Amino acid sequence: MSRPPDDERLDDFSHGLARRREVLGDAWVRRATLDATTFNADFQALITRYAWDAVWNRPGLPTETRRLLVLAFTMAQGRWEEFDLHCRAALAAEVPPETVREVLIQGAIYAGVPAANTAFKRTAALLAELGIKSEAAPLMPATRERRHTTFSQPQLAVVLQGEGDRAPVLLAHPLGLSEAVWQDLARRLAAQGHPTLRYDLRGHGRSPNPAGAWGLAELAEDAARLIGEWGRGPVVMLGLSLGGLVAQQLAATRPELLRGLVLAHCDSHYPESARAVFSARIEAVHRQGMGAVVDTVLARYLNADLRATRPDIEAALRDTLLAQDPAAYAQTCAAVRDADLRGALSNWRGPTLVVGGALDAGVPPERIQALAATLPQARLRLLAGASHLGPVEAPEVFSSEVVTFLGDA
């Protein structure tokens, strides 16, 4: 094998320089290295070799994780010039502002509130400098979140938001997730004058799994109980996937509590092939816990493009699924598997919006269309490019459809 020329043999400095340029950008690296003098050249060489090659090029952590660790360390030590440098680079590299925000909130506990306060101010300035917009979210009584639990049993964790006089909205989440899936939509609805209540279904999120057998009927009774305690009925109930089944059950048994329905990514019953999938999940979760099904569930919930371009969204959903109580998940799977609400809404005459995803393999478009056809007052909307979580995959389109529908409810 021929020996490559010396100028093609990269040394540790060259490897470190390439990594430094990748993380911080070419302009900064050029200033730091090409403007070096006899006074600081050795120092620049040292950090390029040891920080940027020996540490940043180690295989043990993803680049984004290393970026976030640097933000936490520099915030804790009050090294604000270095914090600004790395925070600007992280945001420019499309690290989501929401991820940076979580680091700063965590830092408030472990590095102190004054440090976090400064970090938030400096990051806000960097967001403005980079043209990254943050929506207004004033902490006014009419729009801020208020977290509670029900007085009645079994206890349910709830989040109230909004105090306007427009149609109140009850939001029910999918299997294995939590009320957090509704955070952005609830904020938007509250700002438009809609009181909202989102909650963790029993055995999900912060709501405990009660002892004994329960199924779809009990989940609907929970929703009825919430509306009663809230004192806002009749409400529009927005159910997504599992939540859509709960909404249908409630409309069938307690229609007086509802003034409208939004049924998203759900069916009235599942064919035998889908029932077999749920049975397999139940068995896998009983044997191996949530880790046995999390990848399969995420592949059903999110379209491939979003998973490739927004790993932060997939990671957040993965964390929620892995934190799910396996026993409650299995019991809820059985409730979904065994649900059969065909004909249950034959007397329902309230306004209804039915939403599906064009890429949804779990509830494909033809099933969504069939559900809408059974409801005389239903509007049908199919979201292009979405799979099973419209509020996550196509938030602007989904929320616009809901807002338009609520204007008539």
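The values are calculated or read from the model by the stated rules, or taken from the named source; none is laboratory data. Note that this is a predicted model, so its numbers are computed, not measured. Using ideal geometry, Cβ is built from the backbone for each residue, glycine included, and neighbour counts are taken over all protein chains shown. The protein model used for the area step is the full one, side chains on, heavy atoms only, and it has no ligands, DNA or RNA in it. Shrake-Rupley method; radii C 1.70, N 1.55, O 1.52, S 1.80 Å.
Applying the set (1) in contact (Cβ under 8 Å) with a residue 60 or more places away in the chain; (2) over 25 Å from the mean Cα position of the chain (by Cα); (3) farther than 30 Å from Thr33 by Cα to Pro114 leaves exactly one unmet item: (1). Counting only residues that are crowded, with 22+ Cβ neighbours inside 10 Å and under 22 Å from the mean Cα position of the chain (by Cα), region 344-372 holds 6 of them. Cβ-Cβ contacts under 7 Å between residues 6 or more apart (or on different chains), taken from a first residue in region 160-174 that is over 11 Å from Arg232 (Cβ atoms) to a second residue that is among the aromatic types (Phe, Trp, Tyr), are listed as Leu171/Trp182; His173/Trp182. Look at (1) open to solvent by 40 Å² or more (accessible area, probe 1.4 Å); (2) in a helix (DSSP H, G or I); (3) under 21 Å from Gln249 (Cα atoms) and you find that Leu380 fails only one, number (2). Among the residues of region 239-292, those identified as out of contact with any Ser or Thr (no Cβ under 8 Å at 6 or more places or on another chain), of a type in the set (Ser, Thr, Tyr) and either touching a residue at least 40 places away in the same chain (Cβ under 8 Å) or not in a helix (DSSP H, G or I) (or both) are Ser241, Tyr270, Ser279. Checked against (1) open to solvent by less than 20 Å² (accessible area, probe 1.4 Å); (2) assigned to a loop (DSSP other than H, G, I, E, B); (3) farther than 29 Å from Pro234 by Cβ, Gly385 meets all criteria but (1).
Quick check on Glu98: is it open to solvent by 70 Å² or more (accessible area, probe 1.4 Å), without any contact (Cβ under 8 Å) to a residue 40 or more places away in the chain and among the acidic types (Asp, Glu)? Answer is no for this residue.
Listed by position, the helices (runs of 4 or more DSSP H) enclosed by region 293-352 that each have at least 3 residues that are small (Gly, Ala, Ser) are 326-338.
Let's see how each residue does on (1) among the basic types (Lys, Arg); (2) surrounded by fewer than 15 Cβ atoms within 10 Å (Cβ to Cβ); (3) in contact with a Lys or Arg (Cβ under 9 Å, 6 or more places away or on another chain); (4) more than 27 Å from Ala394 (Cα to Cα):
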{"position": "Tyr270", "(1), (2), (3), (4)": "no, no, yes, no"}
{"position": "Ser273", "(1), (2), (3), (4)": "no, yes, no, yes"}
{"position": "Ile282", "(1), (2), (3), (4)": "no, no, yes, yes"}
{"position": "Gln288", "(1), (2), (3), (4)": "no, yes, no, yes"}
{"position": "Val294", "(1), (2), (3), (4)": "no, no, yes, no"}
{"position": "Leu298", "(1), (2), (3), (4)": "no, no, yes, no"}
{"position": "Tyr301", "(1), (2), (3), (4)": "no, no, no, no"}
{"position": "Arg310", "(1), (2), (3), (4)": "yes, no, no, no"}
{"position": "Thr320", "(1), (2), (3), (4)": "no, no, no, no"}
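Within this structure, Leu201 fails the test of being at pLDDT 95 or above, part of a helix (DSSP H, G or I), surrounded by 24 or more Cβ atoms within 10 Å (Cβ to Cβ) and on the phi < 0 side of the Ramachandran plot. Quick check on Ala247: is it of a type in the set (A, V, I, L, M, F, W, C) and surrounded by 21 or more Cβ atoms within 10 Å (Cβ to Cβ)? Criteria met by Ala247.
Of all residues in region 127-181, those being within 20 Å of the chain's Cα centre (by Cα), buried (at least 19 other Cβ atoms within 10 Å of the Cβ) and of a type in the set (Gly, Ala, Ser) number 4. Regarding region 154-161, can at least one residue be identified that is of a type in the set (Gly, Ala, Ser) and in a helix (DSSP H, G or I)? Scanning region 154-161 turns up no residue that is of a type in the set (Gly, Ala, Ser) and in a helix (DSSP H, G or I).
Got at least one residue in region 210-220 being in a helix (DSSP H, G or I) and open to solvent by 30 Å² or more (accessible area, probe 1.4 Å)? Among the residues of region 210-220, at least one is in a helix (DSSP H, G or I) and open to solvent by 30 Å² or more (accessible area, probe 1.4 Å), which makes the answer yes.
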